[in-house]
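Asker: This structure is in structure tokens; I'll ask about it shortly.
What follows draws every value from the coordinates through simple rules; no lab data is involved. Quick caveat: nothing in here was measured; it's all calculated off a predicted structure. Every residue, glycine among them, receives a Cβ derived from its backbone with ideal geometry; neighbour counts consider all protein chains shown.
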Amino acid sequence: MFIVKVEANFSAAHNLRGYKGKCEALHGHNWKVEVAVGAAKLDKTGMVLDFTDLKMKLNRVLEKLDHKYLNNLPYFKKFNPTSENIAKYIYDKINGQGLRVKSVEVWESDKSSATYQE
């Protein structure tokens, strides 16, 4: 299996419903997102996928999150906007574009991340 990865960032605010602690209050993060896509075989140019194409697909998804209050987005009205659920949201959106997504990792800080993978 060949795997390629790209990273991107977005900034957004959220608050966690049903959580007792500081994160129940409105606050924001500068999230870093890493998407890994895999393939058993390479294309005729020797690539899984052009990095530029994967970055464009990821950025299209992140545009819907960037500088938003996540709790107001339809998906996050149903699912608490935790880093875990943000990773799943991004995974589903990218995977839905005909790619074999292996994992999506979302960092809400330099030392804290959550991953959703197949």
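Asker: Kindly list, by first and then second residue, each pair from a residue in segment 1-14 that is of a type in the set (Phe, Trp, Tyr) to a residue that is surrounded by 13 or more Cβ atoms within 10 Å (Cβ to Cβ), limited to pairs with Cβ atoms under 8 Å and residues at least 6 apart or on different chains.
Answerer: Qualifying pairs under 8 Å: Phe2/Gly38; Phe2/Ala39; Phe2/Val48; Phe10/Trp31; Phe10/Val33; Phe10/Leu62; Phe10/Leu65; Phe10/Asp66.
Asker: Is it the case, given these coordinates, that Leu58 is surrounded by 15 or more Cβ atoms within 10 Å (Cβ to Cβ) and out of contact with any Phe, Trp or Tyr (no Cβ under 8 Å at 6 or more places or on another chain)?
Answerer: Numbers: surrounded by 15 or more Cβ atoms within 10 Å (Cβ to Cβ): yes; out of contact with any Phe, Trp or Tyr (no Cβ under 8 Å at 6 or more places or on another chain): yes.
So Leu58 fits the description; yes.
Asker: Name every residue in segment 22-71 that is closer than 20 Å to Asn95 by Cα, charged (D, E, K, R) and assigned to a helix (DSSP H, G or I), in order of residue number.
Answerer: Asp53, Lys55, Lys57, Arg60, Glu63
Asker: Filter segment 85-94 for residues that are out of contact with any Asp or Glu (no Cβ under 7 Å at 6 or more places or on another chain) and over 14 Å from Arg17 (Cα atoms) and give the result.
Answerer: Ile86, Lys88, Tyr89, Ile90, Tyr91, Asp92, Lys93, Ile94
Asker: Still on this structure, I have one more. Using beta carbons and a limit of 9 Å, which pairs, at least six apart or on different chains, have the first residue in segment 92-118 and in contact (Cβ under 8 Å) with a residue 40 or more places away in the chain and under 18 Å from Lys57 (Cα atoms) and the second one among the β-branched types (Val, Ile, Thr) and assigned to a loop (DSSP other than H, G, I, E, B)?
Answerer: That search, which allows pairs on different chains as well, returns Arg100/Val48.
Asker: Suppose we keep only residues that are of a type outside the set (A, V, I, L, M) and over 12 Å from Gly38 (Cα atoms) within segment 99-109. Which one would you say is surrounded by the fewest Cβ atoms within 10 Å (Cβ to Cβ)? Break it down into steps so the answer makes sense when it comes.
Answerer: Step one: filter segment 99-109 for residues of a type outside the set (A, V, I, L, M), giving 100, 102-103, 105, 107-109.
Of the ones still in play, those that are also over 12 Å from Gly38 (Cα atoms) are 105, 107-109.
Numbers: Glu105: 20, Trp107: 20, Glu108: 19, Ser109: 11.
Residue satisfying both the conditions and the ranking: Ser109.
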